[in-house]
Amino acid sequence: MLKELFIQYAFFLHGSKRYKNIKTTAYNFLLNSDYEYKKYFDIFMISLIVVSIAILVYEVKNSVADWVDFFDIYLVTAIFLMEYIARVWVHNDWHKQVVKEVGEAEFLNRRVSLWRPTKETLKGKLRYLLTPTAIIDLLAILPAYRPLRVLRIFVLFRVFKLLRYTKSINQFLSVLASKKFELFTLLFLLVFITVTAGIAIYVFEQNENENIESIFDALYWALITISTVGYGDISPVTPEGRVVSMMIIVSGIAMISFVTSVIVSSFSEKLDELKENRIIEELNKKDEFMIICGYGQMTRMFLRYYAKEYTNRYIVIENDKDKVDEAIKEGYKAIHEDASRHDVIKRFNLQYSNITLLALTGNDIANIYITLNAKSLSRKIKVIARARTEKMVKKYQLAGADSIVRPNIIADRMLYTAITQPVMYKAIYAILTGKNMALLDEVNLSQSELLVGKTIEELEFKKQKLLCIGLQRAGEEGEFIFNPPAKTILEESDILLVMGRKVSIEYFRSIYRKVKYV
Amino acid sequence: MFNRKALMFGYSNTTKFLAENLTKELHYLVIIVDDEESYQEAKKAGYRVKLLDITDDNALEELDVAEDDYLICVMKDHYINVFLTLSLHALFPKTTIIALSESYHATQKLKMAGATRIIDLYQVSANRIHNILTKPVATKLIERLFSPEEDFSFKEMLIPENSILDTVMADDFDFSKHGIILVGMIDKRLSNQFIFITSGLENRFDAGDTLVCIGYNDDLNKFEEYIKGKENAES
């Protein structure tokens, strides 16, 4: 009976949109670095940590007011505790395991076990609890336990907790982690020299030097000397001891140089990667952005004219390092990657952002592969691809490209118009390039209550020195009405196509303020 | 049909497209190439073709070029294309030179060399991409207007003498009754420049003015015939 209730509860949670929304929001705040508002949560937590540590330092020599104590002990700790519990909660889902178990049990015709999914969920949560970051989170809560004053020192773990919220420290650690082998080798060498020198000085000076009474003193001296700190509290008095000193000092200098060079080289190796990660992270926070694949003539031309309109909302992916350097030199945001690779496109916020991908390399095969790669990851990505030949268009369509641009066809048609209709060539050119005198603009009615229900006649386009060219009815397959009749009634989600001077359109905009321009 | 000639320099897909579509529009069209292979290919395809050294000014000078003809430079090599434009501009300064460019820098050079119109392959494509992103409905319409196979287009119409439109004010005439939209015109009284109808100027139609309209081809053709009539223009 109880089991049935638990199963029903699991299914209720599984189907509840509200529960899902709450958990997704919690996940976004705690773990999704692409989430726009996560940074505010991080700043709030960092502030709490800093205040908490400041109180600890102040308390060493001063007494603090009761409310400060209350704030530190109860409020800050309560927030940390809630965060800790929330992290454990979002780590995995019990209801999903139960639903899976029920499905499998039905399929295999066996009894449903509630213990199996519960065990799996608990195991997952336990694995999380044993991770270093979760342990730090727990230790950061302990200082609140007043009967044990010694636990106050665990406030320092709140400093470590900063690691969660500051990317730069994490990045520094990840760079060091990439040179783990080199750093461990140097550490081993350091231990070896320190122990050898410590034993040597102990043997030579134990009876001669009153400051060296034990092997610990000798090891302490060796470490202080090899690090080139040299406090001077212990110094060799015998010639043998001084020789050991000289050797250990030279080794120390060499060791420090090695460590420095390893860290510096790992940083220089990782610098580009860190920069690229930062660009992608910034981009992933945007609601919509553009990925431009390839830095050829067309990308150059596109960015030359439109980079300002898409500031901070685009990235160029190019697999030729020289071209990437060239793009960066021109002031564009570019990274050295292969856009046809699955893991490269996967780094972008495919779930939450509206992404437009421009496949503009000079190679049709590469562009088709890039299109397929993007579409296989998310059908939501809008792909605009460049086709070199007419024969390729069908292939791009099959690959899922939403729009196909054929530079030669466009240019040929422009040439044709320039010859056959020279007078209006300039007019068309102005319309195409969006010149102020003849802007062709779209007015989306989806969010405008002011325009919906009105007739074309009522909008008095002529009076406002605008031309109503057409009306696109809602939906992808919606009808396009050219030169709509005066009595046509505007409907929600229609798109009006108007032409006129920029100032006329701005005025139209001011009348119908809720009009959304696409 | 225009009583004009077009001389196209270079043999490529662009030349083929233009040659096929311009035959109806122009009374004479010749492709000029500077290599034997292209010459044979163009000849085999049935085009009127001429082989000459285009770097030789004497050879170019011998071409029969009038002031209202078109010189179309679509050479594959952009160095030669710029050089040819310069040579043609020096030899025939009043003739319209239309050139195809494949880079921003080549466009600048073609401008300096004297090309009257330059179609930059990548600039028009960049504009197209931007329009797809920002004005998808408008872009579809423009694509239809540009596509020769569509039944929908732009059309220039000359107002003939004694037309029903003669001396009619632009604001007083209802084009929508004819299913077309007047985009702009060349008002001979004011200037020889193209004026958008939305520019706010009060235009009067007179014989000799040129109208630019958008609409379905049938409606545009009917309207062109209509304005030749002498009845009173409706208001």
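The values are calculated or read from the model by the stated rules, or taken from the named source; none is laboratory data. The structure displayed is predicted, hence computed values, not measured ones. Cβ placement follows ideal geometry from the backbone for every residue including glycine, while neighbour counts extend to all protein chains displayed.
Brief remarks on what is shown
Residue by residue, here is whether (1) modelled with pLDDT of 90 or more; (2) crowded, with 16+ Cβ neighbours inside 10 Å; (3) assigned by TED's automatic domain parsing to the domain that holds B:HIS78; (4) not in a helix (DSSP H, G or I) holds:
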residue	(1), (2), (3), (4)
B:LYS24	no, no, yes, yes
B:TYR28	no, no, yes, yes
B:SER38	yes, yes, yes, no
B:LYS43	yes, no, yes, no
B:GLY46	no, no, yes, yes
B:ASP53	yes, no, yes, yes
B:ASN58	yes, no, yes, no
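- A:TYR19 vs. criteria in a loop (DSSP other than H, G, I, E, B), in the same structural domain as A:LEU138 (by TED's automatic domain parsing) and surrounded by 11 or more Cβ atoms within 10 Å (Cβ to Cβ): no
- Count - residues of segment B:143-178 that are at the interface with chain A (Cβ under 8 Å from one of its Cβ atoms) and modelled with pLDDT under 80: 4
- Matching option when the condition is closer than 25 Å to A:GLN171 by Cα and hydroxyl-bearing (Ser, Thr, Tyr), among A:SER47, A:SER113: A:SER47
- Some residue of segment B:100-110 being at negative phi, buried (at least 16 other Cβ atoms within 10 Å of the Cβ) and more than 14 Å from chain A (Cβ to nearest Cβ): yes
- Complete set of residues in segment A:275-307 that are away from chain B (no Cβ under 11 Å) and part of a helix (DSSP H, G or I): A:LYS275, A:GLU276, A:ASN277, A:ARG278, A:ILE279, A:ILE280, A:GLU281, A:GLU282, A:LEU283, A:ASN284
- Taken together, the residues in segment B:159-203 that are of a type in the set (Phe, Trp, Tyr) and closer than 18 Å to A:ALA430 by Cα amount to 2.
- Residues satisfying the stated conditions in segment B:163-190, i.e. on the phi > 0 side of the Ramachandran plot and hydroxyl-bearing (Ser, Thr, Tyr): B:THR167
- Filter pass, B:ILE54 being in contact with a Lys or Arg (Cβ under 7 Å, 6 or more places away or on another chain), more than 14 Å from every other protein chain (Cβ to nearest Cβ) and more than 30 Å from A:ARG300 (Cα to Cα): no
- Look at segment A:22-42: where a residue is not assigned by TED's automatic domain parsing to the domain that holds A:ASN349, no partner that is loosely packed, with under 15 Cβ neighbours inside 10 Å and charged (D, E, K, R) sits 6+ places away or on another chain with Cβ atoms under 6 Å.
- Exclusive hit being basic (Lys, Arg), within 30 Å of A:LYS323 (Cα to Cα) and away from chain B (no Cβ under 11 Å), set A:LYS375, A:LYS382, A:LYS454: A:LYS375
- Against the test of being without any contact (Cβ under 8 Å) to a residue 12 or more places away in the chain and closer than 21 Å to A:THR488 by Cβ, the options B:SER176, B:SER191 yield a single qualifying residue, B:SER176.
- Per this entry, A:VAL244 is not counted among residues that are surrounded by 14 or more Cβ atoms within 10 Å (Cβ to Cβ), within 30 Å of A:LEU274 (Cβ to Cβ) and not polar (S, T, N, Q).
- Scanning segment A:203-241 for residues that are surrounded by fewer than 18 Cβ atoms within 10 Å (Cβ to Cβ) and farther than 27 Å from A:SER257 by Cα gives A:VAL203, A:GLN206, A:ASN207, A:GLU208, A:GLU210, A:ASN211, A:GLU213, A:SER214, A:ILE215, A:VAL237, A:THR238, A:PRO239.
- Only residues that are touching a Phe, Trp or Tyr at 6+ places or on another chain (Cβ under 6 Å), within 18 Å of A:ILE280 (Cα to Cα) and part of a helix (DSSP H, G or I) were counted in segment A:308-341, giving 1.
- All positions within segment A:69-90 that are crowded, with 16+ Cβ neighbours inside 10 Å, farther than 15 Å from A:ARG164 by Cβ and of a type in the set (Asp, Glu): A:ASP72
- Selected residue (only one of A:GLY241, A:GLY230, A:GLY252, A:GLY198 is in contact with a Leu (Cβ under 7 Å, 6 or more places away or on another chain) and either within 30 Å of A:SER266 (Cα to Cα) or assigned to a helix (DSSP H, G or I) (or both)): A:GLY198
- Filter pass, A:ILE355 being under 22 Å from the mean Cα position of the chain (by Cα), closer than 23 Å to A:ALA307 by Cα and in a helix (DSSP H, G or I): no
- Per-region count, segment A:342-352, residues β-branched (Val, Ile, Thr) and assigned to a loop (DSSP other than H, G, I, E, B): 0
- Considering segment A:331-363, the residues that are of a type in the set (Phe, Trp, Tyr) and modelled with pLDDT of 90 or more include one that is surrounded by the fewest Cβ atoms within 10 Å (Cβ to Cβ), namely A:TYR332.
- Residues that are among the aliphatic types (A, V, I, L, M), farther than 21 Å from A:ARG509 by Cβ and more than 10 Å from every other protein chain (Cβ to nearest Cβ) within segment A:479-498 comprise A:ILE481, A:ILE489, listed in sequence order.
- Verdict on A:TRP89 being at pLDDT 90 or above, of a type in the set (Phe, Trp, Tyr) and farther than 30 Å from A:LEU56 by Cβ: no
- Any chance B:GLU67 is at pLDDT below 90 and either more than 19 Å from the chain's Cα centre (by Cα) or in a helix (DSSP H, G or I) (or both): no
- Restricting attention to segment A:318-354, the residues that are more than 14 Å from A:LEU377 (Cβ to Cβ), in contact with a strand residue (DSSP E or B) (Cβ under 6 Å, 6 or more places away or on another chain) and small (Gly, Ala, Ser) add up to 2.
- All helices (runs of 4 or more DSSP H) inside segment B:74-169 with 2 or more residues being touching a residue at least 60 places away in the same chain (Cβ under 8 Å): B:78-91
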